[in-house]
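A short write-up of the structure that comes next.
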Amino acid sequence: MPQAYISGTGSKTPRRILSNKDLETIVDTSDEWIIRRTGIKERRFCTKGENESSTDLGTQASLKAMEMAGVSPKNLDMIVVGTVTPDRQFPSAACMVQETLNADNAASFDISAGCSGFIYGLSVVSNAIQCGTCRTGLVIGIERLSSVINWQDRSTSVLLGDGAGAVVLSSTNNHYGILSTHLKSDGGFGELLYSTERETYNTPEILKNLEIKPFYLIMEGNRLFKRAVGCLSEIAREALQHNSISSDELELLIPHQANIRIIKAMAKNLRIPMEKVYTNIHKYGNTSSASIPIALDEANREGRISKDGHVLLVTFGAGLTWGASLLKWCI
């Protein structure tokens, strides 16, 4: 049976940087409070008219991943995008990226799984490669969470950022690549993180050049925190045990970049030292489905992953959804 492996990574973030000090002029918060509670120092926001739509970000991240993989858009059999902030309700972000790439041969569609969208997409394309219906696929995580912020809610407005990350999945007959992917969901906890219709557009003057969606995000942080730590730890153990890999044998853990306290609590539960945990939340904030592929691309380009090294990806998001994927690296 063919195996899927990551042959290229890419990412793209907007040019505009919004620091915690900038947020102090918008909401009742402080740089010290945000760093202590979340680990975030700054985030990137898209700007109207700057070629920073969801499609633009996804396309640019994809081109970098394809360049690394040595893959042409014509080689793509499938494009799957994880996002909750596409440019349009339909057509899908994947189809819009397909059009800009001229990837005529690719079946293209979106997955809505909150922050878990990228891992869910990774599973879909990996399964297609194993079944033989796809040889080369593109998995993208794209978010413009600046468009769904409620600026009256200081607990969530300081967390979110924009960006995109992408990977090329290729087929191999060797035993490396995606060793297994594990997915879970529980709609019974959907009220902990959801969207609701926006009644007014109370955007601060300093952010008038943001794209604003007709809905915004609501989160019950304390309950979500506890649920996230438990689910992330559980799914990570499941992935390791399924492959008979101990936490000591991991080269790198790349978690969804939601909150540094969640990441540290999970690492402690798994007895994984933070030196083995890749984080960039201080630069980008929570970019939802884009956070893992952005972090994976940065870790790859920084030389943090060696050939044959084991990498564990873990995520948790709205739905509730969560998942993990264990990789044997081969770039």
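Can you find, among 278, 4, 164, the residue farthest towards the positive end of the dipole of the chain? Put +1 on the C-beta of Lys and Arg, -1 on that of Asp and Glu. In the chain, that residue is 278. Counting neighbouring beta carbons within 10 Å and listing from fewest to most, the residues 296, 240, 252 come out as 240, 252, 296. Per residue of the chain, the DSSP helices (runs of n ≥ 4 H) give a summed -39500 (n - 2.57) that works out to -9500 deg cm²/dmol at 222 nm. Relative to the Cα centre, the charge distribution of the chain, modelled as +1 at Lys and Arg Cβ and -1 at Asp and Glu Cβ, gives a dipole magnitude of about 560 debye. Considering only alpha-carbon pairs that sit under 8 angstrom and 6 or more positions apart, the relative contact order computed for the chain is 26 percent. Cβ crowding within 10 Å ranks 151, 322, 33 as 33, 151, 322, fewest other Cβ atoms first. If the elastic network links every pair of Cα atoms under 10 Å, which of 295, 103, 258 fluctuates the most in the Gaussian network model of the chain? Evaluated over the chain, the most mobile residue of the options is 103.
Among 213, 283, 226, which one shows the biggest mean-square fluctuation in a GNM of the chain, springs joining Cα atoms closer than 10 Å? Maximum fluctuation in the GNM of the chain, among the listed residues, is at 226.
Set the bar at 26 Å for Cα to Cα. Now go through 21/268; 226/283; 41/276; 12/48 and name every pair that lies beyond it. Flagged as over cut-off: 21/268.
When each of 131, 231, 330, 115 is scored by the number of other beta-carbon atoms lying within 10 Å, the sequence from fewest to most is 131, 330, 231, 115. With springs only between Cα atoms under 10 Å apart, run a GNM on the chain and tell me which of 188, 141, 161 wobbles the most. Between 188, 141, 161, it is 188 that shows the largest mean-square fluctuation. Structural descriptor for region 60-141: relative contact order 39 percent, calculated from alpha carbon pairs under 8 angstrom and at least 6 residues apart. Taking a straight line from the alpha carbon of residue 328, these aspartates and glutamates sit under 13 Å away, with near neighbours fewer than eight places off in the same chain left out: 249, 251, 308. Within the chain, antiparallel bridges make up roughly 70 percent of the DSSP beta bridges whose residues both belong there.
Where a number appears in this text, it was derived from the coordinates with a stated rule and is not lab data. In this text, all values refer to a predicted model and were calculated from it rather than measured experimentally. Using ideal geometry, Cβ is built from the backbone for each residue, glycine included, and neighbour counts are taken over all protein chains shown.
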